[in-house]
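Accompanying notes for the structure given below.
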Amino acid sequence: MAAMSLLRISGAGKSFRGLHALSDVDLEVGEGEIVGIIGPNGAGKTTLFNVVCGALKPDTGTVTLDGRDLTGASPDRIARAGMVRTFQLMRPFTSMTVVQNVSLAAQHRRMSAKRLYEHSLAVVERVGLGPWAHRLATELPTAGLKRLELARTLAMRPRVLLLDEVLAGLVPAEREPVLDLLAELREQDGTTLLFIEHIMAAVMRLSDRVLVLDQGRVLATGAPEEVTSDPRVIDAYLGEEPARVDS
Ligand SMILES: Nc1ncnc2c1ncn2[C@@H]1O[C@H](COP(=O)(O)OP(=O)(O)OP(=O)(O)O)[C@@H](O)[C@H]1O
């Protein structure tokens, strides 16, 4: 790769009491690139996100963003450096409206109260929650909560956004607008995306490149068509449930 990578994960390893959740994982991601992360349950996908975003300190290896070493830094510092993740099961602050929940996430950006409100409202509208902006976040249906989680991360204006199964729990008709929004983030904002996803149709559509993890190791990496036709990937992951490719 000629251009310098924005995000560089090098030799990342993490064990839990002897279980190698992540072993010697290397990944370089260019600015504006979209990388899908797949693999069977327990492959280490979430652990990789946690190591990158500072929720876990890796036992080995380094994580750098734009040449800056962020290995083992706090999630807060990493977020300020421009890298944030979404959580699968987000719990909004119950007594707050949708826009207030988003404001809370953006607060560290040192804006005036008025500017913070406008910024948060714009993000809420961008993710399609405009009509819900002033309702309690707890009134949102699942699809709405997923959008709110996305909005909370977007409010931080990430350079690198890590998405943990943002499509899980959505019916196909609800997935489309989310996929469109993710593609738009790259097109309009140049946001770099890493996304863990089990829905292969989405992985195929969105990814420039796919990383396959298996038992904590990189099993394969390459263009979506390349990776999904790799016999080792079919064996370790896709083969179990061929229907995944179309689902
Ligand atoms: N905090 C922890 N303590 C102990 N073991 C853990 C911890 N977090 C993860 N593990 C183990 O590490 C391995 C990798 O888990 P991880 O959650 O990263 O996999 P995953 O690929 O995200 O799986 P899934 O698709 O099921 O979410 C699993 O065996 C898991 O049980």
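Among all residue pairs at least 6 apart or on different chains, which show Cβ distances below 8 Å where the first residue, located in segment 162-176, is within 16 Å of the ligand (Cβ to nearest atom) and the second is among the small types (G, A, S)?
Every condition considered, the pairs that remain are L167/A202; G169/A143.
So, R205, is that one under 20 Å from L163 (Cβ atoms) and surrounded by fewer than 18 Cβ atoms within 10 Å (Cβ to Cβ) or not?
Judged against the criteria, R205 is a match.
Return the residues of segment 66-88 that are without any contact (Cβ under 8 Å) to a residue 12 or more places away in the chain and either within 16 Å of the ligand (Cβ to nearest atom) or in a loop (DSSP other than H, G, I, E, B) (or both); say none if nothing qualifies.
The answer is none; no residue qualifies.
Can you name every residue in segment 208-241 that is modelled with pLDDT of 95 or more, buried (at least 16 other Cβ atoms within 10 Å of the Cβ) and charged (D, E, K, R)?
Listed by number, the residues that qualify are R209, D214, R217.
Please go through segment 15-35 and pick out each residue that is in contact (Cβ under 8 Å) with a residue 60 or more places away in the chain and either touching a Pro at 6+ places or on another chain (Cβ under 7 Å) or over 22 Å from R205 (Cα atoms) (or both).
Matches in segment 15-35: H20, A21, L22, S23, D24, V25, D26.
Do you know which of the residues in segment 14-65 that are touching a helix residue (DSSP H, G or I) at 6+ places or on another chain (Cβ under 7 Å) and small (G, A, S) is farthest from the ligand (Cβ to nearest atom)?
G32
Report, by residue number, each residue of segment 69-83 that is modelled with pLDDT of 95 or more and closer than 15 Å to R152 by Cβ.
M83
When segment 91-138 is examined, which residues are found to be in contact (Cβ under 8 Å) with a residue 12 or more places away in the chain, over 18 Å from P158 (Cα atoms) and not in a helix (DSSP H, G or I)?
P92, F93, T94, S95, M96, T97, G128, L129, A133, H134, R135, L136
Before we move on, is E149 in a helix (DSSP H, G or I) and surrounded by fewer than 19 Cβ atoms within 10 Å (Cβ to Cβ)?
So E149 does not fit the description; no.
Sort out which residues of segment 36-64 are in contact (Cβ under 8 Å) with a residue 60 or more places away in the chain, surrounded by 22 or more Cβ atoms within 10 Å (Cβ to Cβ) and more than 13 Å from the chain's Cα centre (by Cα), and write them in order of number.
Answer for segment 36-64, where residues must be in contact (Cβ under 8 Å) with a residue 60 or more places away in the chain, surrounded by 22 or more Cβ atoms within 10 Å (Cβ to Cβ) and more than 13 Å from the chain's Cα centre (by Cα): G39, A43, G44.
The values are calculated or read from the model by the stated rules, or taken from the named source; none is laboratory data. Computed from a predicted structure; not experimentally measured. Every residue, glycine as well, gets a Cβ built from its backbone with ideal geometry; the counts of neighbours run over all protein chains shown.
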